[in-house]
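Okay, structure first, notes after.
The values are calculated or read from the model by the stated rules, or taken from the named source; none is laboratory data. The structure presented is a predicted model; accordingly, all values stated were derived computationally and were not measured. Neighbour counts run over all protein chains shown; Cβ positions are idealised from the backbone, glycine included.
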Amino acid sequence: MTHPQNFRAGDPEPAAAHVALTDAALAELRDLARRPHARPDLPACRATMARIRRLLHEGPGFAVLGTLPLDGMTQDAARGLFQRLATMVARPVAQKFTGTAIYDVHDTGRHALPGSGVRPDQTNIELSIHNDNAYNTTLPEIVVLLCLRPAAREEEGWNRVLSFAALHEVLAARFPALLPRLYRPFPFDRQREHAPDESPILHAPIFAREDGRLVTRMGLHQIRSGYVMTGETMSTETQAALSAVTQTLADPSLAVDLRLRAGEMLFIANRAIGHSRTGFIDPPDRDRKRLMVRLWLRDSGSIAYAG
């Protein structure tokens, strides 16, 4: 039987990955928003988040949870509720070397150039399928996004999720001669998230096996930046292998498209499921600019960025 994390677009498992907050859970959250320093047990919320955990570990590896009642709520209150729900799934960890734990994903107007330290998620460009922090020694286990404001244009700023197991299967079938190259190291731009005495480059393969399990580091942007930073010339095999990955990631039969609405949360098993975002253009009005809030979760290791 195929594992539920090995899915394609249109399969029933991804379609079942949408969870609604119950009336009881919403009542608990509204009460908590009024009393942010209270520490109630929140049994209805815990039951809902147990469903999210099951979908992440035993289901398709992602889940959409809706919907936080944002009307009349400050952004700080929404962030607080978001953090409270996420910690029922796993422990939040640092997203930057400096220790930042909660992170805004929005267009800052900067450009993600090689070695600049500007992450693509701080721009409005299209993000190809990746897993978060593929360029670090330790990846988060779970990525969580809260949509505070979707892109102003309905057709822009969509999220996508894709099974790395399915990607590997397709690559093995279509490009068997190139698959071994993806198991050898590539240079990843570490985005200046490291100690001053450490190398700005991480060398790691895209695919590896640990105890028979597929492990994926998908960060094509950081790999291409890594080649620019090192001055290394890509071999013909490397160019062909990366082209095969790019071509396969664009296959519409693999990715599931998601348009997050304000108050919805996307949970992703970061080591098994890749995600992306289509490009967008913000309007001048600050209150209509796309804004996501992100948490990284990991129960293993330390809460520090290096894990």
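Some observations on this one:
- Per the conditions (1) within 16 Å of the chain's Cα centre (by Cα); (2) surrounded by 19 or more Cβ atoms within 10 Å (Cβ to Cβ), the sole criterion not satisfied by GLU126 is (2).
- Being surrounded by 14 or more Cβ atoms within 10 Å (Cβ to Cβ), touching a residue at least 24 places away in the same chain (Cβ under 8 Å) and within 30 Å of HIS106 (Cα to Cα) is a condition met by at least one residue of segment 174-186.
- Single match in ASP71, ASP104 (criterion: without any contact (Cβ under 8 Å) to a residue 24 or more places away in the chain and either out of contact with any Ser or Thr (no Cβ under 7 Å at 6 or more places or on another chain) or in a helix (DSSP H, G or I) (or both)): ASP71
- Identity of the residue in segment 107-123, in a loop (DSSP other than H, G, I, E, B) and of a type in the set (D, E, K, R), that ends up surrounded by the most Cβ atoms within 10 Å (Cβ to Cβ): ARG119
- Scanning segment 36-52 for residues that are loosely packed, with under 13 Cβ neighbours inside 10 Å and modelled with pLDDT of 95 or more yields PRO43, ALA50.
- Considering residues of segment 260-286 that are basic (Lys, Arg) and either modelled with pLDDT of 95 or more or at positive phi (or both) only, the residue surrounded by the fewest Cβ atoms within 10 Å (Cβ to Cβ): ARG261
- Of all residues in segment 1-23 being assigned to a helix (DSSP H, G or I) and either surrounded by 14 or more Cβ atoms within 10 Å (Cβ to Cβ) or in contact (Cβ under 8 Å) with a residue 24 or more places away in the chain (or both), the one that is farthest from the chain's Cα centre (by Cα): GLU13
- Residue within segment 242-252 that is part of a loop (DSSP other than H, G, I, E, B), charged (D, E, K, R) and over 20 Å from PRO185 (Cβ atoms) present: yes
- For segment 194-223, the set of residues classified as acidic (Asp, Glu) and under 16 Å from ASN270 (Cβ atoms) consists of GLU210 only.
- Cβ-Cβ contacts under 8 Å between residues 6 or more apart (or on different chains), taken from a first residue in segment 230-250 that is without any contact (Cβ under 8 Å) to a residue 60 or more places away in the chain to a second residue that is of a type in the set (D, E, K, R) and outside any loop (DSSP other than H, G, I, E, B), are listed as GLU237/ARG181; THR238/ARG181; LEU242/ARG224.
- Scanning segment 287-307 for residues that are surrounded by fewer than 16 Cβ atoms within 10 Å (Cβ to Cβ) and assigned to a loop (DSSP other than H, G, I, E, B) turns up ASP299, SER300, GLY301, SER302, ILE303, ALA304, ALA306.
- Of the residues making up segment 147-162, none is in a helix (DSSP H, G or I) and crowded, with 22+ Cβ neighbours inside 10 Å.
- In segment 256-284, the residues that are within 19 Å of ILE125 (Cβ to Cβ) and of a type in the set (A, V, I, L, M, F, W, C): LEU258, LEU260, PHE280, ILE281
- Cβ pairs under 8 Å, 6+ apart, first in segment 108-132 and acidic (Asp, Glu), second assigned to a loop (DSSP other than H, G, I, E, B) and at pLDDT 90 or above: GLU126/THR278; GLU126/GLY279; ASP132/LEU139; ASP132/PRO140; ASP132/ASN270
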